[in-house]
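Here the structure comes first, spelled out in structure tokens, and everything after it is commentary.
The values are calculated or read from the model by the stated rules, or taken from the named source; none is laboratory data. The structure displayed is predicted, hence computed values, not measured ones. Here Cβ is always computed from backbone atoms with ideal geometry, including for glycine, and neighbour counts include all displayed protein chains. To get the accessible areas, we keep the full protein, side chains included, count just its heavy atoms, and leave off ligands, DNA and RNA. Shrake-Rupley method; radii C 1.70, N 1.55, O 1.52, S 1.80 Å.
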Amino acid sequence: MPAKAYMYGLPYDYYAQHQIRRYGFHGTSHKYLVQTAAGMLGKSVQQTNAITCHLGNGSSIAAVQNGVSVDTSMGLTPLEGLVMGTRSGDMDPAVPLHLMSSLGLSAKEMDAILNKKSGLL
């Protein structure tokens, strides 16, 4: 993915020193979808542009240009992006901070809420 797709609007040092960036997930699934679509369209993978959707308990969307992923709905972890089976997906970053402050939740408790007790359940 190009830097404009994987960089967050955070101070650059977080990326440089801690590799805080969007990585994306379900790459094998998205690759398969592009290969299958290319075959159905009678094109090479390199000639294929598509939006691919991996939908299940974990879900993601990828933008593919000339057979290469150029953007993804997932981020540093699988939590970013679509609402999933037990994951909240995207939300205002202040929501977890507000809940932690209001309810006295620890980072570990908030992580469990966002990753295991949210989503479509």
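Here are some notes:
- Condition check for Ala3 on (1) of a type in the set (A, V, I, L, M, F, W, C); (2) out of contact with any strand residue (DSSP E or B) (no Cβ under 7 Å at 6 or more places or on another chain); (3) open to solvent by less than 30 Å² (accessible area, probe 1.4 Å); (4) more than 25 Å from Ser118 (Cβ to Cβ): one failure, at (3).
- Within the range 69-121, the set of residues being of a type in the set (Val, Ile, Thr) and out of contact with any helix residue (DSSP H, G or I) (no Cβ under 9 Å at 6 or more places or on another chain) comprises Val83, Val95.
- Answer residue from the range 6-17, given it is among the aliphatic types (A, V, I, L, M) and assigned to a loop (DSSP other than H, G, I, E, B) and is most open to solvent (accessible area, probe 1.4 Å) among those: Leu10
- The range 37-65, residues that are more than 17 Å from Gly85 (Cα to Cα), open to solvent by 50 Å² or more (accessible area, probe 1.4 Å) and within 22 Å of the chain's Cα centre (by Cα): Asn49, Ile51, Gln65
- Checked against (1) of a type in the set (Phe, Trp, Tyr); (2) without any contact (Cβ under 8 Å) to a residue 12 or more places away in the chain; (3) crowded, with 17+ Cβ neighbours inside 10 Å, Phe25 passes all but condition (2).
- Every residue from the range 78-121 that is open to solvent by 60 Å² or more (accessible area, probe 1.4 Å), aliphatic (A, V, I, L, M) and under 15 Å from the mean Cα position of the chain (by Cα): Val83, Met91
- Of the helices (runs of 4 or more DSSP H) lying entirely inside the range 18-121, the ones with 1 or more residues being more than 25 Å from Tyr8 (Cα to Cα) are found at 27-41, 94-103.
- Options Val34, Val83: the member that is within 24 Å of Ile20 (Cα to Cα) and among the hydrophobic types (A, V, I, L, M, F, W, C): Val83
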